[in-house]
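Report on one structure; see the data block that follows.
The values are calculated or read from the model by the stated rules, or taken from the named source; none is laboratory data. Only a predicted model underlies this, so the values are computations on that prediction, with no experimental measurement involved. No Cβ is skipped: glycine too gets one built from the backbone with ideal geometry, and neighbour counts run over all protein chains shown. Accessible surface areas use protein heavy atoms only, side chains included; no ligands, DNA or RNA. Shrake-Rupley method; radii C 1.70, N 1.55, O 1.52, S 1.80 Å.
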Amino acid sequence: MSNAEPGSGEKQNLRDWLRTETPTSRRHAKIASLYQGWLTLKANKLAMIGLFILVFLVLVAIFAPLLAPADPFEQDLANRLQPLWGEGHLLGTDSLGRDILSRLIYGARITLYIVTLVAMIAPIVGLFVGTVAGYAGGWIDTILMRITDIFLAFPRLVLALAFVAALGAGIENAVIAISLTAWPPYARIARAETLTIRGSDYISAVKLQGAGPLRIIVKHIWPLCMSSIIVRVTLDMAGIILAAAGLGFLGMGAQPPSPEWGAMISEGRKFLLDYWWVATVPGLAIFTVSLGFNLLGDGLRDVLDPKDAGDA
Amino acid sequence: MSATIQTENGRRASPVFSVVATIAKTLGTIAITMLGLLFITFVIGRIMPIDPLISILGERASKEMYEATYIKLGLDKPLVVQFFYYLWDVVRGDFGVSRLTARPVIDDIIRVFPATLELATIGTIIGVFVGIPLGVVAAVKRGTWIDQTARVIALVGYSMPIFWLGLVGLLVFYGILGWVGGPGRVGIFYVDIVPTVTGLILVDSILDGQWDVFRDAVSHIILPASLLGYYSLAYISRMTRSFMLEQMNAEYVTTARVKGLSEWAVVWRHAFGNIKVPLITVVALSYAGLLEGSVLTEIIFSWPGIGSYITTALLSADMNAVLGGTVVVGLVFVCLNIFSDMLYKFFDPRAR
């Protein structure tokens, strides 16, 4: 603090406070370490591109009604299959004359909806199963991990397809099917973390203070599993988007007239050779978003989980 | 003296015992995993639908058919008994009759599986022969533009929807350039010319000496196989790179260099020699992944494999076919996983 220049004022003080090596409180330490992480992430150009893409996606989804030039459901058969850069239709129109750009913009909401739901369900189930197995040990561990392995040994897309076949097509069922196939890796990670934490001194200390297993798991083990889980979630998101789009493409996810990107590709497929943009443009959207998640996930791994970063 | 002999005997006996134990354990793992898979398909097929019979027979089934199936599936019995009925059927290879093709599901699967196998095998070969050198070079030239390019190639591969890439590929290489054959395994003039021996059309056409069929089949398989190959390449090259980086930092590499070995020998004989074993696992996993990844690819290319079979069945609510296909894909998947584990143990004494 003493060598802070007099002219720079409060801004400099705040930065010093954030970068301190000797935090004065628990909250201070937490914020300072978050700031350090942010600085590392900011230095990673690719990760920032990924973050930018995702922020853009969220903004588009939120402001869809303001951004979309037309109603995504409004059909205009006189103007069907209009070319790119056409008049009033920047990305052309589909086989029913609906504005493709508007459908893409509204489709962002669906993508975000699916991703958010799966990202909430799968890691929580996995975290729960993994920590309970790791902490309890013994036969509970054996049984839970055996179940996890069984799910892990399955082909994910085929299993998701079978689930949707039984539950019926639709966006909620697609979310359930994807979540059911996505949780096992989280359980593995959480169990591994729990096994290393379980024997540590501070857990014994909390135990001596009289904490029960539930409190130990929720308050003292879960927070420590978070960083590896978050990295895994971010890296998984791309796969989830691709799976959801694949289900949509097969007609097993969002149903027409919903502007889901995968379903849009499937609709445009019939006109591929003559009107190529109808099927290819939504694919670019899927690709961009999942690339964004992959880039950010790579960067986050370097920040949160330096042990297997392995990249220069 | 006798004590020494006994320990020696004990030592000699133990490896044999451990091999037997390992095999038994592996078979046990396969059995338990398969039991789990069958339990899940049982739940999907018999418990989740409101009326499992309608999901098997369709809505227009006659009353006699309905009742016959009701008795055959044992739907009047408790669920546990039904599950054992189901297990017994599956063990005998009886997945029921497909509503769509009106043939036993197992016959259908035997007929379509070689097509998928052919596609995934060629895809894996492409992935191995491009992905491994790419990963090795990326690790050796770490941080250079080659490494960055390899990284981008892999990232793009991870992020691309495969069915979309297939469509674009079809549009460009078939629709516009006309370099490759279109959808299907062979052109319409070559269908059913070669007798089916192995079911792999590339092999069958050679066996029969029909070179024009072979050429046509190659022009049809090259695009979908390259697509799948790209996916396995993305995974294999990343894994190869991280394995290689670990080796290149090891002391024995420095020693080899100090000895004056050529860089080629250091990289390929010493460092690469040490990553062969983990690579086998990676390749086996990606092969299993391709068997599954081919579901969407097969749809795009009208490839008559198991992926097309399952999805067509799915769209016409043909539950027996869907579940039968799921079980078979699952079985192959599980076996490949465990097989790669065993290979690992076989080649790497430390893992035993």
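The rows are residues; the columns are (1) touching a Ser or Thr at 6+ places or on another chain (Cβ under 7 Å); (2) of a type in the set (Ser, Thr, Tyr); (3) in a helix (DSSP H, G or I).
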residue	(1), (2), (3)
B:ALA284	yes, no, yes
B:ALA288	no, no, yes
B:LEU296	no, no, yes
B:ILE299	yes, no, yes
B:ALA317	yes, no, no
B:ASN320	yes, no, yes
B:THR326	yes, yes, yes
B:VAL332	no, no, yes
B:CYS335	no, no, yes
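Within the set A:ILE171, A:ILE197, the sole residue that is among the β-branched types (Val, Ile, Thr) and either closer than 27 Å to B:THR26 by Cα or within 18 Å of the chain's Cα centre (by Cα) (or both) turns out to be A:ILE171. Would a scan of the stretch A:119-139 turn up a residue that is within 14 Å of chain B (Cβ to nearest Cβ) and open to solvent by 10 Å² or more (accessible area, probe 1.4 Å)? Within the stretch A:119-139, not a single residue is within 14 Å of chain B (Cβ to nearest Cβ) and open to solvent by 10 Å² or more (accessible area, probe 1.4 Å).
Residues in the stretch B:187-208 that are crowded, with 17+ Cβ neighbours inside 10 Å and either within 14 Å of another protein chain (Cβ to nearest Cβ) or outside any helix (DSSP H, G or I) (or both): B:VAL194, B:LEU200.
Can you find even one residue in the stretch B:209-228 that is open to solvent by less than 50 Å² (accessible area, probe 1.4 Å), within 21 Å of A:THR288 (Cα to Cα) and in contact (Cβ under 8 Å) with a residue 12 or more places away in the chain? Scanning the stretch B:209-228 turns up at least one residue that is open to solvent by less than 50 Å² (accessible area, probe 1.4 Å), within 21 Å of A:THR288 (Cα to Cα) and in contact (Cβ under 8 Å) with a residue 12 or more places away in the chain.
Mind telling me which of the residues B:GLY169, B:GLY184 ends up being open to solvent by less than 60 Å² (accessible area, probe 1.4 Å), touching a residue at least 40 places away in the same chain (Cβ under 8 Å) and assigned to a loop (DSSP other than H, G, I, E, B)? Let's see the steps before the verdict.
Values: B:GLY169 fails: assigned to a loop (DSSP other than H, G, I, E, B).
The match here is B:GLY184.
When A:ARG232 is tested against the conditions (1) within 12 Å of chain B (Cβ to nearest Cβ); (2) basic (Lys, Arg); (3) surrounded by 18 or more Cβ atoms within 10 Å (Cβ to Cβ), the lone failure is (1).
Condition test on B:TRP179, is it part of a helix (DSSP H, G or I), modelled with pLDDT under 90 and out of contact with any His (no Cβ under 8 Å at 6 or more places or on another chain)?
It is false that B:TRP179 is part of a helix (DSSP H, G or I), modelled with pLDDT under 90 and out of contact with any His (no Cβ under 8 Å at 6 or more places or on another chain).
Looking at the structure I just gave you, is A:VAL175 open to solvent by less than 10 Å² (accessible area, probe 1.4 Å), in contact (Cβ under 8 Å) with a residue 40 or more places away in the chain and within 30 Å of B:ILE54 (Cα to Cα)? Considered against the rule, which asks whether it is open to solvent by less than 10 Å² (accessible area, probe 1.4 Å), in contact (Cβ under 8 Å) with a residue 40 or more places away in the chain and within 30 Å of B:ILE54 (Cα to Cα), A:VAL175 comes out as yes. Only one of the listed residues (A:GLY268, A:GLY251) is of a type outside the set (Val, Ile, Thr), touching a residue at least 24 places away in the same chain (Cβ under 8 Å), touching a Ser or Thr at 6+ places or on another chain (Cβ under 8 Å) and open to solvent by 10 Å² or more (accessible area, probe 1.4 Å). That residue is A:GLY251. Pick from the stretch A:1-33 the residues that are surrounded by fewer than 12 Cβ atoms within 10 Å (Cβ to Cβ) and of a type in the set (A, V, I, L, M): which of them is modelled with the lowest pLDDT? Among those residues, the one meeting the criterion is A:MET1.
What are the residues in the stretch B:303-315 that are in a helix (DSSP H, G or I) and either in contact (Cβ under 8 Å) with a residue 12 or more places away in the chain or more than 20 Å from B:THR41 (Cβ to Cβ) (or both), if any? Break it down stepwise before answering.
To start, the set of residues in the stretch B:303-315 that are in a helix (DSSP H, G or I) comprises B:306-315.
Selection gives B:ILE306, B:GLY307, B:SER308, B:TYR309, B:ILE310, B:THR311, B:THR312, B:ALA313.
The set of residues in the stretch B:65-89 that are free of Cβ contacts under 8 Å to residues at least 12 places away in the same chain, within 17 Å of B:ILE54 (Cα to Cα) and assigned to a helix (DSSP H, G or I) comprises B:MET65, B:GLU67, B:ALA68, B:ILE71, B:LYS72. From the list A:ALA187, A:ALA238, A:ALA279, the lone residue that is buried (at least 18 other Cβ atoms within 10 Å of the Cβ) and under 16 Å from the mean Cα position of the chain (by Cα) is A:ALA238. Beta carbons closer than 6 Å, at least 6 apart along the sequence or on distinct chains, never pair a first residue in the stretch A:57-75 that is at pLDDT 80 or above with a second that is surrounded by 12 or more Cβ atoms within 10 Å (Cβ to Cβ) and outside any helix (DSSP H, G or I).
Among the residues of the stretch B:148-163, write down those that are over 22 Å from B:ILE300 (Cα atoms) and either facing chain A (nearest Cβ under 8 Å) or open to solvent by 10 Å² or more (accessible area, probe 1.4 Å) (or both). Within the stretch B:148-163, B:GLN148, B:THR149, B:ARG151, B:VAL152, B:ILE153, B:LEU155 meet the criteria.
Could you check, for the stretch B:120-131, whether at least one of its residues is in a helix (DSSP H, G or I) and within 13 Å of chain A (Cβ to nearest Cβ)? Among the residues of the stretch B:120-131, at least one is in a helix (DSSP H, G or I) and within 13 Å of chain A (Cβ to nearest Cβ), which makes the answer yes. One residue stands out among those in the stretch A:155-172 that are open to solvent by 10 Å² or more (accessible area, probe 1.4 Å) and of a type in the set (A, V, I, L, M): the one that is nearest to A:THR111 (Cα to Cα), which is A:ILE171.
Kindly indicate whether A:LEU284 is within 20 Å of the chain's Cα centre (by Cα) and within 23 Å of A:PRO123 (Cα to Cα).
Details: within 20 Å of the chain's Cα centre (by Cα): yes; within 23 Å of A:PRO123 (Cα to Cα): no.
For A:LEU284, the condition - within 20 Å of the chain's Cα centre (by Cα) and within 23 Å of A:PRO123 (Cα to Cα) - is not met.
Filtered by the rule that a residue be buried (at least 24 other Cβ atoms within 10 Å of the Cβ) and either at pLDDT below 85 or at the interface with chain A (Cβ under 9 Å from one of its Cβ atoms) (or both), the stretch B:307-332 gives B:GLY307, B:ILE310, B:ALA313, B:ASP318, B:MET319, B:VAL322, B:LEU323, B:GLY325, B:THR326, B:VAL329, B:GLY330. Taken over the stretch B:333-344, the criterion of being open to solvent by less than 10 Å² (accessible area, probe 1.4 Å) and more than 10 Å from every other protein chain (Cβ to nearest Cβ) is satisfied by B:SER340 alone.
Is there a residue being surrounded by fewer than 17 Cβ atoms within 10 Å (Cβ to Cβ), out of contact with any strand residue (DSSP E or B) (no Cβ under 7 Å at 6 or more places or on another chain), in contact (Cβ under 8 Å) with a residue 60 or more places away in the chain and over 20 Å from B:LYS345 (Cα atoms) anywhere in the stretch B:286-302? It would help to see each step written out before you state the result.
Of the stretch B:286-302, the ones surrounded by fewer than 17 Cβ atoms within 10 Å (Cβ to Cβ) are B:302.
Then drop every residue that is not out of contact with any strand residue (DSSP E or B) (no Cβ under 7 Å at 6 or more places or on another chain), which leaves B:302.
Now restrict to residues that are in contact (Cβ under 8 Å) with a residue 60 or more places away in the chain: B:302.
Okay, now just the ones that are also over 20 Å from B:LYS345 (Cα atoms), so B:302.
Yes, that holds for at least one residue.
Being under 34 Å from the mean Cα position of the chain (by Cα), outside any loop (DSSP other than H, G, I, E, B) and surrounded by fewer than 14 Cβ atoms within 10 Å (Cβ to Cβ) is the filter here, so list the residues in the stretch A:202-212 that pass it. Matches in the stretch A:202-212: A:TYR202 only.
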